[in-house]
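Trainee: Have a look at this one.
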Amino acid sequence: MAACLSGSMVHGQSAVPPITLDEYFNTTSIDSSALSPDGATAVIATEAPDWKNNAFRDDLWLSSVSGGLRPLTHGGSESSPQWSPDGRWIAFVSDRALPGESAGPDGAPGDNAKASRIWIISADGGEALPLYSQKLDVHSYAWSGNGSAIYYSVTQPLSQAQQDAQKEEWKDVIRWREQNRGDLLLKQAVQPALAKAISVPPPQHADSAKPSDKPDLPAGAETIARSIFAIGDIAPSPDGKTIAFETQPVHHREENPDNYDIYLVPSNGGEVRRLTNNQALESGLRWAPDSRLLYFIVTAASGSLEGPYRDVQGRLYRIDPESGKVERLGASFDGSWEQFSLLPDGREIALGLKGTEEQLYLIDGAQATKLPGRTGSYSGLATALHSNAIVVRHSTIDDPTQLYRASDPLHPDRLVALTHFNPIFAQRAQPEWQSYTWTADDGVKVEGVLIYPPGKKGEKHLRMLTLIHGGPADADGNRFGADWYDWATLAAANGWLVFRPNYRGSSGYGDEFMLQIEPHLVSKPGRDILEGVDALVKDGIADPNHLAIGGYSYGGYMTNWLITQTTRFRSAVTGAGAVEHAANWGNDDETWDDAWYLGGKPWDDPDLYQSEAALFQFNKVKTPTHLVQGGADIRVSYLEGVTMERALDQLGIPHTFLVFPGEGHGLGKNPWHGYIKVREELKWLEKYDGK
């Protein structure tokens, strides 16, 4: 790897060094947070690399303005924390082993023992206790309104006798759809479960015991509802009368939006009533404080309630369960709603993405009022049960994400920091950035972000890496990123001007802008990107003799396409991007979305499927290309990478292909995989830059 450029000058003549690869990948990320009912303390879930054990650590912390930040758990596999309504307990999900279960290396649970159970720990600290001992993976959970119980969903378990019979008949054969089972919605009283966990060790089943013909459900668990679908979000009403829940497909493949709907059931069980019936993917269920209205969101590229499925921007809704009347909220906002929450008095505040920033808004019916905020992007909004305080994450391109508390929810500009993770970035040379707008060939204005090497803003004829975001329903902007997917600032630290285009199909620029990607999935946004590159060259900012391109996921799709459309790029780095659409439609876990983007299924318009596929134009490729793929990816099959590698090999194009064993689309299994990915991508860019 070439030496990085020097940073800006501080303290007279002392040069600030650029961030290194090792420092960059030691980043701790904040995955989620929840605010105590009184609004005083936040529980924070973080993820950080554990290089020694080839894994990521997921830990919980407590933080308050008065008490500072302190660890809550030490297991390394904790996530999804939720406070009890009285603030005494915190529930979370973990696959830590129970006493007596077999363990793997370093005390980690053995593969045959792992189960993602619900655990409960005192807010004062101490030992966490399991809500149940059975090997049941929890899909979703929520405290009851009075805190006496927890509602949770699990796959309908088989009895031991049923498991034995299935193994005898089918051995290790996978029955692709037939073996899938729906979920149970269970209710578990908390105090009896904790008392049992303290006094009684997990049951040990003797090998000679007669197999039970009853499913092994937790003692005291009540079955509230059965669903032929998986159960996602669970929302008990504050008055304790009703449970709302959202369904998802049991096979976790988005083949039919009809699998996603909202249902209601009495809190102690009874008749299940379907509340919605549409082609939107609802989520984020939240009751109004008086239990009369149910609020939810349909995030970007998840359809809408206003007709047939379309990939539009995120929308907010509320529904009256009695009448079934649905109201769209915040419709005056022309950006994309990303998240929302409710204050104790029922007011709704939401995070809205518009252009290059995500800010907070107050929602009142169809109106959305932008609240005063800091420059940059907010995320991770959480409110308190009995306090107007909120917690929210904030970052900029240069400032790592931190969690903040605001005592006044209408003034998220008045923030008090609850975390100070990743201080190394403040000690290193900072890249500078600006937005950049160009005009497409049809007159539409398109925006992107330019991230300059430290000390280089305003200079001309810089070597440029066009780094394309995934989605495509996403947008690059003024927010922090430091991982294997979002490594733009590391590329800038290594001397690259990084161009991040928000092409047609990106969210945050209005529905019409987002919809124009259909049915030309790659050619329409591809023209936007190339026209942006042309404009930067014409303006003298980018050096036409030193251009590179890259992206992952949909950014990989676009990279694969664009190297068939031009030879201007000296090198390309691509990951998890399809090169054709028919097999990818069959393999992708977002099948329905793929078909919408291309105007139908493969047999509806085979010519379009072919004309929008890079593979059938690979004879035009001249660009040296570096490929990466997760070996267990079900979003974009690694066989798409195999197909592309074979094409490059047959054409004699310089290339390399890295496959990360066991990794899915998100490369979340082993931190070394992401580290090696970016290390080798930077080497590849340097190798072919020609400087």
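The values are calculated or read from the model by the stated rules, or taken from the named source; none is laboratory data. The model shown is predicted, which means the values in this text are computed figures rather than measured ones. Because the Cβ atoms are built from the backbone with ideal geometry, glycine has one as well, and the counts that use them run over all protein chains shown.
Trainee: Listed residues Leu651, Leu685, Leu658; which is in contact (Cβ under 8 Å) with a residue 24 or more places away in the chain and buried (at least 18 other Cβ atoms within 10 Å of the Cβ)?
Mentor: Numbers: Leu651 fails: buried (at least 18 other Cβ atoms within 10 Å of the Cβ); Leu658 fails: buried (at least 18 other Cβ atoms within 10 Å of the Cβ).
Only one candidate passes the filter, namely Leu685.
Trainee: Can you name every one of the helices (runs of 4 or more DSSP H) wholly within segment 474-547 that holds 2 or more residues which are over 21 Å from the mean Cα position of the chain (by Cα) and over 14 Å from Leu462 (Cα atoms)? Steps first, please.
Mentor: Working: elements: 488-493, 511-515, 523-538.
Passing ranges, in order: 511-515, 523-538.
Trainee: Any residue at all in segment 479-487 that's at pLDDT 95 or above, closer than 19 Å to Phe569 by Cβ and touching a helix residue (DSSP H, G or I) at 6+ places or on another chain (Cβ under 6 Å)?
Mentor: First pass over segment 479-487, keeping only residues at pLDDT 95 or above: 479-487.
Imposing the further condition that a residue be closer than 19 Å to Phe569 by Cβ reduces the set to 487.
Then drop every residue that is not touching a helix residue (DSSP H, G or I) at 6+ places or on another chain (Cβ under 6 Å), which leaves 487.
Yes, segment 479-487 contains at least one residue that is at pLDDT 95 or above, closer than 19 Å to Phe569 by Cβ and touching a helix residue (DSSP H, G or I) at 6+ places or on another chain (Cβ under 6 Å).
Trainee: Right, next: Name the pairs: first residue in segment 327-351 and in contact (Cβ under 8 Å) with a residue 24 or more places away in the chain and farther than 18 Å from Tyr378 by Cα, second residue among the aliphatic types (A, V, I, L, M) and part of a loop (DSSP other than H, G, I, E, B), Cβ to Cβ under 6 Å, at least 6 apart or on different chains?
Mentor: As it stands, the answer is Ala331/Ala366; Ser332/Ala366; Gly346/Ala288, since those pairs meet every condition given.
Trainee: Ok, one more. What residue, of Lys445, Lys457, is modelled with pLDDT of 95 or more, within 23 Å of Leu682 (Cβ to Cβ) and charged (D, E, K, R)? Steps first, answer last, please.
Mentor: Details: Lys445 fails: within 23 Å of Leu682 (Cβ to Cβ).
When all the criteria are applied, what remains is Lys457.
Trainee: Exactly one condition in (1) among the hydrophobic types (A, V, I, L, M, F, W, C); (2) part of a loop (DSSP other than H, G, I, E, B); (3) touching a His at 6+ places or on another chain (Cβ under 8 Å) is not met by Met464; state its number.
Mentor: (2)
Trainee: Another question about this same structure. Exactly one of these conditions fails for Ala632: (1) over 18 Å from Val522 (Cα atoms); (2) in contact (Cβ under 8 Å) with a residue 60 or more places away in the chain. Give me its number.
Mentor: Answer for Ala632: the failing condition is (2).
Trainee: With Glu640, Glu663 as the choices, which residue is closer than 15 Å to Gly555 by Cβ, touching a residue at least 12 places away in the same chain (Cβ under 8 Å) and crowded, with 19+ Cβ neighbours inside 10 Å? Before the answer, list the steps.
Mentor: Values: Glu663 fails: closer than 15 Å to Gly555 by Cβ.
Checking each option against the conditions leaves just Glu640.
Each row is one residue, and each column tells you yes or no for (1) over 28 Å from Pro238 (Cα atoms); (2) surrounded by 22 or more Cβ atoms within 10 Å (Cβ to Cβ); (3) among the basic types (Lys, Arg); (4) in contact with a His (Cβ under 9 Å, 6 or more places away or on another chain).
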position: Asp31; (1), (2), (3), (4): no, no, no, no
position: Pro49; (1), (2), (3), (4): yes, no, no, no
position: Asn53; (1), (2), (3), (4): yes, no, no, no
position: Phe56; (1), (2), (3), (4): yes, no, no, no
position: Gly67; (1), (2), (3), (4): yes, no, no, no
position: Phe92; (1), (2), (3), (4): no, yes, no, no
position: Leu98; (1), (2), (3), (4): yes, no, no, no
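Trainee: Further question on the same structure: Exactly one of these conditions fails for Gly307: (1) at pLDDT 95 or above; (2) loosely packed, with under 15 Cβ neighbours inside 10 Å; (3) farther than 21 Å from Leu403 by Cβ. Give me its number.
Mentor: So the condition that Gly307 fails would be (1).
Trainee: Is it the case, given these coordinates, that Val416 is touching a residue at least 60 places away in the same chain (Cβ under 8 Å), among the β-branched types (Val, Ile, Thr) and over 23 Å from Leu515 (Cβ atoms)?
Mentor: Values: touching a residue at least 60 places away in the same chain (Cβ under 8 Å): yes; among the β-branched types (Val, Ile, Thr): yes; over 23 Å from Leu515 (Cβ atoms): yes.
Spelling it out, Val416 is indeed touching a residue at least 60 places away in the same chain (Cβ under 8 Å), among the β-branched types (Val, Ile, Thr) and over 23 Å from Leu515 (Cβ atoms).
Trainee: Within segment 187-198, is there a residue that is buried (at least 20 other Cβ atoms within 10 Å of the Cβ) and not in a helix (DSSP H, G or I)?
Mentor: Yes - at least one qualifying residue is present in segment 187-198.
Trainee: Is there a residue being modelled with pLDDT under 95, surrounded by 17 or more Cβ atoms within 10 Å (Cβ to Cβ) and among the acidic types (Asp, Glu) anywhere in segment 621-633?
Mentor: The initial filter retains those residues of segment 621-633 that are modelled with pLDDT under 95, namely none.
Within segment 621-633 (the criterion being modelled with pLDDT under 95, surrounded by 17 or more Cβ atoms within 10 Å (Cβ to Cβ) and among the acidic types (Asp, Glu)), the answer is no, since none of the residues qualifies.
Trainee: Could I ask something else about it? Here is a list of conditions, (1) farther than 23 Å from Leu667 by Cβ; (2) crowded, with 24+ Cβ neighbours inside 10 Å; (3) β-branched (Val, Ile, Thr), and Ile541 meets all of them except one; can you say which number that is?
Mentor: Exception for Ile541: condition (2).
Trainee: Would you confirm whether any residue within segment 293-304 is more than 26 Å from Ser148 (Cβ to Cβ), in a loop (DSSP other than H, G, I, E, B) and β-branched (Val, Ile, Thr)? Reasoning before the result, please.
Mentor: Taking segment 293-304 as the starting set, the residues that turn out to be more than 26 Å from Ser148 (Cβ to Cβ) are 297-304.
In the following step, the residues that additionally are in a loop (DSSP other than H, G, I, E, B) were identified as 299-304.
So of that shortlist, the ones also β-branched (Val, Ile, Thr) come out as 299.
Within segment 293-304, one or more residues are more than 26 Å from Ser148 (Cβ to Cβ), in a loop (DSSP other than H, G, I, E, B) and β-branched (Val, Ile, Thr).
Trainee: Within segment 297-310, can you find the residues that are out of contact with any helix residue (DSSP H, G or I) (no Cβ under 6 Å at 6 or more places or on another chain) and either of a type in the set (Asp, Glu) or free of Cβ contacts under 8 Å to residues at least 60 places away in the same chain (or both)? Steps first, please.
Mentor: Just the residues of segment 297-310 that are out of contact with any helix residue (DSSP H, G or I) (no Cβ under 6 Å at 6 or more places or on another chain), to begin with: 297-302, 304-308, 310.
Once the filter is applied, which keeps residues that are out of contact with any helix residue (DSSP H, G or I) (no Cβ under 6 Å at 6 or more places or on another chain) and either of a type in the set (Asp, Glu) or free of Cβ contacts under 8 Å to residues at least 60 places away in the same chain (or both), segment 297-310 yields Ile297, Val298, Thr299, Ser302, Ser304, Leu305, Glu306, Gly307, Pro308.
Trainee: While we're looking at this one, here's another question. I'd like the full set of residues that are buried (at least 21 other Cβ atoms within 10 Å of the Cβ), more than 17 Å from the chain's Cα centre (by Cα) and hydroxyl-bearing (Ser, Thr, Tyr), limited to segment 365-394.
Mentor: If the condition is that a residue be buried (at least 21 other Cβ atoms within 10 Å of the Cβ), more than 17 Å from the chain's Cα centre (by Cα) and hydroxyl-bearing (Ser, Thr, Tyr), then Thr383 is the only one that fits.
Trainee: Now for a different question. Could you check segment 97-171 for strands (runs of 3 or more DSSP E) lying wholly inside it with 1 or more residues that are modelled with pLDDT of 95 or more and more than 16 Å from Leu185 (Cα to Cα)?
Mentor: 117-122
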